[in-house]
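The values are calculated or read from the model by the stated rules, or taken from the named source; none is laboratory data. All figures in this text were calculated on a predicted structure; none of them were measured in a lab. Positions of Cβ are backbone-derived with ideal geometry, glycine not excepted, and every protein chain shown enters the neighbour counts. Surface areas here come from the heavy atoms of the whole protein model, side chains and all, with no ligands, DNA or RNA. Shrake-Rupley method; radii C 1.70, N 1.55, O 1.52, S 1.80 Å.
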Amino acid sequence: MTKNPAPTTAADSRVVQVDIVSDVMCPWCIVGFKQLEQALGMTGTGAYVRWHPFELNPSMPPEGQNLGEHIAEKYGSTPEQSAQNRAQLTALGESLEFTFNFTDDSRIVNTFAAHQLLDWAQSSGKQHPLKMALFSAHFTKGRNVSLADVLVDVAASVGLDRVEAANVLSTGSQAEETRARQQFWTSRGISGVPSMVFDGKYLLTGAQGAETYAQMLQKVVSEKEAA
């Protein structure tokens, strides 16, 4: 569904660069991406997707926090409202062929280590499959993606070198660059996710739905073909 563009050829005018600012803890980020996938299919458009780091909860401690407790504290939701929201997300996920497995024990965890691994994976062309695998590990399998051994397992599952992944996490070799990438986007007014930038020019925030994404893709492609 995604591919690298070579903008110098006419055929590639139908390939759109999409920069997605996202956090692994954000269910709407995977919802938004799956809707974007639908839009790509609807329009016959290709996309070069790049993921960028954003921490919804940068001060989250290593042990994380129970999801229900977190939602109640952060948004003031009642247990009933939280349960209803999770049920709606689960149903929406099913319609997009993504499985949310929320339980009473689901937790929010710190994602800075995951973002470092994603930045590292960009250079080997594995960032996108790693991002998808992290979403699945967290939301579908209930794994703690703040733990180094879990992150290394997930990285290895998409073909990344296990030893190199472990080294990235143990040395913090990507930490400074990851912080810089976060600051780049927040300094430009990004305060929520998902935030998608199309062709470096147009911003859509939140999970906007396949129709809206399709309209944006068509707009960008029309402009590229007219140039």
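When region 171-188 is limited to residues that are β-branched (V, I, T) and within 23 Å of W28 (Cβ to Cβ), the one that is most open to solvent (accessible area, probe 1.4 Å) turns out to be T186.
Look at V168 and say whether it is in a helix (DSSP H, G or I), surrounded by fewer than 20 Cβ atoms within 10 Å (Cβ to Cβ) and not aromatic (F, W, Y). Here the answer is no, as V168 does not meet what is asked. Going through (1) of a type in the set (S, T, Y); (2) over 25 Å from L96 (Cβ atoms); (3) surrounded by fewer than 16 Cβ atoms within 10 Å (Cβ to Cβ) one by one, T140 falls short only on (2). So, V24, is that one among the hydrophobic types (A, V, I, L, M, F, W, C), closer than 23 Å to K141 by Cα and crowded, with 22+ Cβ neighbours inside 10 Å or not? When the stated conditions are applied, V24 passes them.
Do we find that S106 is polar (S, T, N, Q), more than 22 Å from W185 (Cα to Cα) and open to solvent by less than 30 Å² (accessible area, probe 1.4 Å) in this structure? Walk me through how you get there before you give the answer.
On the way: polar (S, T, N, Q): yes; more than 22 Å from W185 (Cα to Cα): yes; open to solvent by less than 30 Å² (accessible area, probe 1.4 Å): yes.
Yes: the conditions hold for S106.
Pick from G93, G68: which is touching a helix residue (DSSP H, G or I) at 6+ places or on another chain (Cβ under 9 Å), modelled with pLDDT under 95 and surrounded by 13 or more Cβ atoms within 10 Å (Cβ to Cβ)?
Only one candidate passes the filter, namely G68.
Candidates S191, S146: the one that is surrounded by fewer than 17 Cβ atoms within 10 Å (Cβ to Cβ) and either assigned to a loop (DSSP other than H, G, I, E, B) or small (G, A, S) (or both) is S191.
Residue-wise test of (1) surrounded by fewer than 19 Cβ atoms within 10 Å (Cβ to Cβ); (2) within 19 Å of the chain's Cα centre (by Cα); (3) part of a helix (DSSP H, G or I); (4) at pLDDT below 95.
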position: D19; (1), (2), (3), (4): yes, yes, no, no
position: G41; (1), (2), (3), (4): yes, no, yes, no
position: L56; (1), (2), (3), (4): yes, yes, no, no
position: N85; (1), (2), (3), (4): yes, no, yes, yes
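If you scan region 153-165, which residues turn out to be over 12 Å from Q116 (Cβ atoms), in contact with a Leu (Cβ under 8 Å, 6 or more places away or on another chain) and assigned to a helix (DSSP H, G or I)?
First pass over region 153-165, keeping only residues over 12 Å from Q116 (Cβ atoms): 153-154, 156-164.
Now narrow it down to the ones that are in contact with a Leu (Cβ under 8 Å, 6 or more places away or on another chain): 154, 158, 160.
Result: V154, single match.
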